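Below is one structure, written out as structure tokens; the observations come after it.
Just so it is clear, none of the values below were taken in a lab; they were calculated from the coordinates. Small disclaimer: the values here were computed from a predicted structure and weren't measured. Note: ideal-geometry Cβ built from the backbone for every residue, glycine included; neighbour counts use all protein chains shown.
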Amino acid sequence: MPYFDFIWEMTEDGNVAHIAEHGLTPEDIEPIILNPDRLGVSRSSGRPIAFGFTDDGREIAVVYEQIDECTVYPITAFEIEE
């Protein structure tokens, strides 16, 4: 499993607030990026996207930017509706 430093912005319009709008927390997001079930490319942004399950069983997608080989900036995350 890779190691990454995560950039979390704790501002009103930062990425923590944005993922909270989708009912998610940094604790939900980090394990998905560190150990995804699958990886892809976001159709809307062209950025990397990781898929996986939260501890409570929700399937989510996490769009992120890889800043360098060990730093990740999560952009958004959302639950995948069936």
Intensity falloff of the chain expressed as log10 I(q)/I(0), Debye formula with alpha-carbon point scatterers, at q = 0.14, 0.21 Å⁻¹: -0.41, -0.96
- request: In whole Hz, with x marking every Gly and Pro, tabulate ³J(HN,Hα) for the stretch 20-28 from phi via Karplus 6.51 cos²θ - 1.76 cosθ + 1.60, θ = phi - 60°.
  value: 5, 4, 9, x, 10, 10, x, 5, 6
- prompt: Under a 5 Å amide H to amide H cut-off, with H placed in plane at 1.01 Å, what residues pair with Ser42 once short-range neighbours are removed?
  reply: Arg47, Ile49
- prompt: Rounded to the nearest 20 Debye, what is the dipole magnitude of the chain about its Cα centre when Lys and Arg each give +1 and Asp and Glu each give -1 at the C-beta?
  reply: 360
field: Residues Tyr64, Tyr3, Tyr73, sorted so that the one with the fewest Cβ neighbours within 10 Å comes first
entry: Tyr3, Tyr73, Tyr64
query: Near the amide H of Leu24, under 5 Å away, which other amide H atoms are found, from residues 5 or more places off or on another chain, if H is placed in the peptide plane?
result: none
query: Say we join alpha carbon atoms closer than 10 Å with springs in a Gaussian network model of the chain; which of Gly46, Gly14, Gly57 then has the biggest fluctuation?
result: Gly57
